[in-house]
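Following: one structure in structure tokens, then a few remarks.
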Amino acid sequence: MMGPLTGIRILDLTRVLAGPFATMVLADLGAEVIKVENLALGDDSRAYGPFIRAQSAYFMSLNREKKSIALNLNHDKGRQILLELVKISDVLVENFRGPATMDKLKIGFNVLKDINPKLIYASCSGFGCTGPYTNKPAYDITIQAMGGIMSLTGEPDGQPVRVGTSIGDIVAGLFTAIGILSALNVRTRNGRGQKVDVSMLDCQIAILENAIARYFATGEVPGPLGTRHPSITPFERFRSKDGFIVIAAGNQPLWVKLCNALRKSELLEDPRFKDNDLRTQNQPQLKKIIEQATTEKTTREWINVLGNEGIPCSPVNTIADVVKDPQLQARNMLVEILHPVAGKTVMPNLPIKFSDTPAGVRGPAPLHGEHTEEVLSELLGLSQHDIEQLKVEKVI
């Protein structure tokens, strides 16, 4: 299947989540991704559960469609193999702690740019390639804490809460992919590669939405609000007869429709709720009044009533609910992939739909070093004798 990035070759020196997520997106878009793993155990995430026939479901969900080569980069011959691959590649992606690791291996940007001036070198690390924290270690939870998002997540007066997915890693991966695509576009104009430097901490700041704007505008430190929005009301979770429903009346016409649908038209004349600003100021009182109505029907009943009026609303789905949703099925957002060891696995598809160059999940994640011989023979022209000798020398 020809995708938007067909013809682009990427060397992937990443591991765990942020970097692999970026290269997974690029693989879904059609790029050839060669994952360079350490010789001993491979990507750290191969050891993360749960496991399906000894294969990590975590690893498989982030490394689909990639080719894996196992390479000892501490060996001169291993390093030379990587340099030969750099010569014929478009992009190299790494997510080591900071620039010191790649520089120590003598494969940093300043070395590789001379070997291949057209190379896009992307670094995705906890704190980026500059600043006092450059070589500090980081994981998703430490970045969520430092970046302020944990202080905004959870119930009022509650303890700081980690966002339910690894948003520190995932957002950095997405920004890395965006940076790589942007650099490739520039290269089509000037023929030159460049370095793309992405910091997980920077990315968290970039997605704080209006929290920073609110702080500088009011001088007040934003805190957790549960499910409600800081400046739009009603815009949160409400109790129903059998669970919860989310209602989002994001403008005045929707507010009017909601009051009528709830049979609470008297709220339209209540001075406390005349406009969105007043509703936000009086949110606790308004929520109590709305829940007097929403607890009279089930979530499904309210979905039907409010949906018929065009009011944005939704159930609070579990993952078991989500994977059965007909909308996601219609959009082919869950795909079944056959892994050579784990067997059939299900994973999310690429959420971008193209009219002319289809893209999406094309194959399973690789076994550790599964494509080493293929890459060395087909791309670098090494003979079987050469390959066997590299095995003896513990280069591959």
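General observations
- Positive-pole candidate from G219, C129, I81, dipole of the chain, charges at beta carbon: G219
- Available extension along the chain between Q281 and T295 is 2.7 nm, counting 0.36 nm per residue and deducting the alpha carbon span.
- Taken one residue at a time, the phi angles of the range 285-295 give Karplus couplings (6.51, -1.76, 1.60, θ = phi - 60°) of 5, 5, 4, 4, 5, 5, 5, 4, 7, 5, 6 Hz. Gly and Pro are set to x.
- Scaled against 2.2 N^0.38 Å for its residue count N, the alpha carbon radius of gyration of the range 244-392 is 1.84.
- Spin-label pair A54/D270, simplified geometry with 7 Å Cα→Cβ offset, distance in nm: 6.3
- Where only alpha carbons of the range 104-260 are counted, the Rg and the Dmax (Å): 21.1, 68
- Residues whose placed amide H lies under 5 Å from that of D197, excluding near-sequence neighbours: S123
- Within straight-line reach of K353, meaning a Cα separation under 23 Å, sit the following lysines at least 8 residues removed in sequence or on another chain: K66, K324.
- Distance between modelled label sites at V322 and I352, nm, 7 Å Cα→Cβ extension: 2.1
- Relative contact order [Cα under 8 Å, 6+ residues apart], the chain, whole percent: 19
- With R₀ set to 51 Å, the beta-carbon distance separating R239 from A206 gives a calculated FRET efficiency near 0.90.
- Compactness ratio for the chain: Cα radius of gyration over 2.2 N^0.38 Å (N = residue count) comes to 1.18.
- For the chain, the residue among T357, G108, L208 whose Cα projects farthest onto the positive side of the dipole built from Cβ charges is L208.
- Applying 1/(1 + (r/R0)^6) with r as the Cβ-Cβ distance of V392 and Y215 and R0 = 51 angstrom yields a FRET efficiency of 0.25.
- Cα Rg, Dmax, the range 235-315, angstrom units: 11.5, 31
- The chain: most fluctuating residue of E378, E266, E309 per GNM, C-alpha cutoff 10 Å: E266
- About the centre of its Cα atoms, the range 173-215 shows a dipole size close to 280 debye [charges on the beta carbon of Lys, Arg (+1) and Asp, Glu (-1) only; nearest 20 debye].
- The range 235-315 - percent relative contact order, Cα under 8 Å, separation 6 or more: 44
- In degrees, nearest ten, helix 167-190 long axis to first principal axis of the chain (Cα): 60
- Derived scalar couplings ³J(HN,Hα) [the range 302-307; Karplus, 6.51 cos²θ - 1.76 cosθ + 1.60; whole Hz; x for Gly, Pro]: 5, 4, 5, 5, 6, x
- The range 269-396 - charge dipole about Cα centre, Lys and Arg +1 at Cβ, Asp and Glu -1, debye rounded to 20: 560
- Net length gained if the chain between L41 and H229 were fully extended (0.36 nm per residue, minus Cα distance): 63.2 nm
- Only Cα pairs under 8 Å and 6+ residues apart enter the sum, and on that basis the relative contact order of the range 222-358 stands at 22 percent.
- Cβ-Cβ FRET estimate between R331 and T6, R0 fixed at 22 Å, reported to 0.05: 0.45
- Top positive-direction residue, dipole computed over the chain with Cβ charges, set Q159, N276, H339: N276
- P(r) of the range 321-396 over all Cα-Cα pairs, binned every 5 Å from zero, in whole percent: 3, 12, 16, 14, 12, 12, 10, 8, 6, 5, 2
- A Cβ-based charge dipole, computed about the Cα centre of the chain with Lys and Arg at +1 and Asp and Glu at -1, lands at about 220 debye.
- Exposure proxy ranking for W302, W255, based on other Cβ atoms within 10 angstrom of each Cβ and starting from the fewest, stands as W255, W302.
Quick note: the coordinates plus some simple rules give every number you see, no bench work behind them. Predicted, not measured: the structure shown is a model, and the values here were computed from it. FYI the Cβ positions are ideal-geometry reconstructions off the backbone, even for glycines, and counts take in every protein chain you see.
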